[in-house]
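S.K.: Handing you a structure now.
The values are calculated or read from the model by the stated rules, or taken from the named source; none is laboratory data. Bear in mind that the values here come from a model prediction, so they are computed numbers and not experimental data. All Cβ positions, glycine included, derive from the backbone under ideal geometry; neighbour counts span all protein chains shown.
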Amino acid sequence: MSLDFGPATALSCRECGARYPLGPSFACVECFGPLETAYDFGDVKRSDIESGPASIWRYRSLLPVPADVASKPNMNPGWTPLVKAGNLGRALGIKSLYVKDDSANPTHSFKDRVVAIAVEAARNFGFHTLSCSSTGNLAGAVTAAAARAGLEACVFIPAGLEQAKIAMARIFGGKLVAIEGSYDEVNRFCSELIGDPMGDKWGFVNVNLRPYYAEGSKTLAYEIAEQLGWRLPEQIIIPIASGSQLTKIDKGFKELIKLGLVEDRPYKIFGAQALGCSPVSAAYKAGHDVVQPVKPDTIAKSLAIGNPADGPYVLDIARRTGGAVEDVTDAEIVAAIKLLATTEGIFAETAGGVTVGVLKKLVETGQLDPEAETVVLNTGDGLKTLDAVVADAQPTAVIRPSLDAFRATV
Amino acid sequence: MSVTVRIPTILRTYTGGNAEVTGEGATLRDVLAKLDSDYPGIGGRILDESGKIRRFVNVYVGEEDVRFAQGLDTPAPEGTQISIIPAVAGG
C-alpha cells in the first residue's frame, strides 16, 4: 500500500522520542506516550501559502496530507474570519483585540479542521468507516466529512448532549450511539473498540488517527499569523478540553518561526476552562506538574473532559510562555456569550463564552497586558448550545399590531 | 483474588496476542506484579522506573479509574475486571 502523507516522514513519541513508521498507531509501545507526526518540510515560502486555496489546504506543505489534497472530496474547512474586535476591546479595556471565529467552518466548529486531516489519513489506510468519541461538535464534523468523502460513519457520544448537536450528528447519516456515561467513559469505550474485531478498518479520528487529526489545530496558528500580516500575536486565549488544540497552536507558532515565515517574537498562551471542569487550571494555580482528573459538571459540555491527556503539556506551555490557565463560572460563561454577541455580533457556543469570560478575568486580575495585541478563540457556533441562553430566547415584547401598543413598550 | 485483565492492543505482543488474561492479587499493585512475572517485561510498560503508573496509561478496576480510587493500592476483589487503556482524550 503506497502512502502519501506529503511532508510527514514518521510518527514520533512526544514523551520519549521513539520513532515509528506512518500508520494508524497512536501510543508509544515503550512508554504509552502520545505519538505525533514528524516532518521534513523543506523550504516553505509565504508565496507558496498565499497562492493556495482559501481553506486549511493553503498550508498543505505543513500538514500530513498529499499535495493534491484540495482536489479530493473533503469539507475544505478553515480560513475563517479574524475579526478586529474594537467594541469588545473597548468594553474590556484592551487596545488591540481580535476574535478568531471558527463558527464559520462547514459544521460550525473548529472540529472540521482536525477531521479534514483525519479523513486523508483514513483514505491513505483504506479505512471504510469514520468514527470518534465526541462531546458533540466532533460527531457532526465526522459524519459530514464521511458523507462528503463517501465513507461510512459510526460516532459515539455521552447521553444527554444538547439537542442541536445530536440533530447535527444525525442529519448526515451514519450511526450515532449514545453511551450512558461521561465523555471520559465514551473515550475509554472507543479505545477498547479499536482493539476489537468490530473496530477493524475503522478510523477513529481522535484515537487511532489522532497523530494526524491533532495536526489540524496547527492551522489556527498559521491562519492567525497570516491574517495578522505574517505576525504572531502577543497574547492568545485558547479553550482547554483535552488540551490538544492549545499544544498544537504552540507547535504551529514554533514551526512558523523555525521556517522563517514570521519574526521570532515572544507570545503568551493563556488556557481557559470552565470552573466545573478545571483540572488543568487547578493544577496550574497549585503549581503542580500533574493534573488530577475530575468529574465534570458544567454547561460548557464541549470542554467537559475530566481527564485531559494533554493537561501536563498545557501546564508546560502556559508557564514557558509566561501565560496562565484560568477558569470561569457557568454564570460568567453565559455573560461572556452575551457580551461577545452584543459588542461584535458573534454568537459563540459555551466554549467561546469560556474564552471570552477568561479573557475578561485575565484583564481584571492583571494577568493580561491590555496594551498587547491579543487574540481570543471562538471555537463553535452558539446555535449548538442554545440551552445555555434559552432563558433569553423570548421576544422583548409581544404586542398587537398597533402603534399605540408599541409606543407603550418604549 | 483471581481477576481478569484486559490487555490493550499495543501490549498483546507480551501476552501472545491475548486480549484478556487471568490475574491474581489482593490489590492492583499485586496483580501487576504477578502479570509481569507471567509475561516478563509487561510491567515496565505500565509502570515507570519509580514504580508509578505511567502518565499516559489509564487503569480501571471495574468501572473506576484507579486515579479516582487508591491508585496502585486499589483492592482487586475476586472476579473483578481490570482494564489497561492508553490515555487519549479530546473531541
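S.K.: When you look at A:I299, is it away from chain B (no Cβ under 12 Å), β-branched (V, I, T) and either within 26 Å of A:A372 (Cα to Cα) or in a strand (DSSP E or B) (or both), yes or no?
M.R.: no
S.K.: Something else now. When residues of segment A:269-296 are filtered for being farther than 14 Å from A:T135 by Cβ and either within 12 Å of another protein chain (Cβ to nearest Cβ) or in contact with a Phe, Trp or Tyr (Cβ under 8 Å, 6 or more places away or on another chain) (or both), how many remain?
M.R.: So the answer is 10.
S.K.: Which of the residues belonging to segment B:1-44 are more than 11 Å from chain A (Cβ to nearest Cβ) and of a type in the set (V, I, T)?
M.R.: Scanning segment B:1-44 gives B:V3, B:T4, B:V5, B:T15, B:V21, B:T22, B:T27, B:V31, B:I42.
S.K.: What is the number of the single condition among (1) out of contact with any helix residue (DSSP H, G or I) (no Cβ under 7 Å at 6 or more places or on another chain); (2) within 13 Å of another protein chain (Cβ to nearest Cβ); (3) under 23 Å from A:F5 (Cα atoms); (4) not basic (K, R) that A:A141 does not meet?
M.R.: (1)
S.K.: A further question follows. Identify, from the list A:A144, A:A159, the residue that is at pLDDT 95 or above and in the same structural domain as A:F26 (by TED's automatic domain parsing). Full working, then the answer.
M.R.: Values: A:A159 fails: at pLDDT 95 or above.
Among A:A144, A:A159, only A:A144 is at pLDDT 95 or above and in the same structural domain as A:F26 (by TED's automatic domain parsing).
S.K.: Give the residues of segment A:284-312 that are surrounded by fewer than 20 Cβ atoms within 10 Å (Cβ to Cβ), in contact (Cβ under 8 Å) with a residue 24 or more places away in the chain and either acidic (D, E) or closer than 13 Å to A:E326 by Cα (or both), sorted by residue number.
M.R.: A:K285, A:D289
S.K.: Quick one: in segment A:1-21, which of the residues that are within 22 Å of A:I194 (Cα to Cα) and in contact with a helix residue (DSSP H, G or I) (Cβ under 7 Å, 6 or more places away or on another chain) is farthest from the other protein chains (Cβ to nearest Cβ)?
M.R.: Within segment A:1-21, the match that is farthest from the other protein chains (Cβ to nearest Cβ) is A:L3.
S.K.: Might you let me know whether segment A:166-175 holds any residue that is buried (at least 20 other Cβ atoms within 10 Å of the Cβ), within 30 Å of A:L362 (Cβ to Cβ) and not acidic (D, E)?
M.R.: Within segment A:166-175 (the criterion being buried (at least 20 other Cβ atoms within 10 Å of the Cβ), within 30 Å of A:L362 (Cβ to Cβ) and not acidic (D, E)), the answer is no, since none of the residues qualifies.
S.K.: Go through A:G174, A:G150, A:G199 for me and flag whichever is away from every other protein chain (no Cβ under 14 Å) and in contact with a Leu (Cβ under 9 Å, 6 or more places away or on another chain).
M.R.: Within the list A:G174, A:G150, A:G199, the selection yields A:G174.
S.K.: While we're looking at this one, here's another question. Could you list all residues from segment A:22-56 that are within 14 Å of another protein chain (Cβ to nearest Cβ), crowded, with 22+ Cβ neighbours inside 10 Å and not in a strand (DSSP E or B)?
M.R.: Matches in segment A:22-56: A:F26, A:C28, A:F32, A:G33.
S.K.: When the residues of segment B:62-81 are filtered to those that are assigned to a strand (DSSP E or B) and within 13 Å of another protein chain (Cβ to nearest Cβ), which remaining residue is surrounded by the fewest Cβ atoms within 10 Å (Cβ to Cβ)?
M.R.: B:E64
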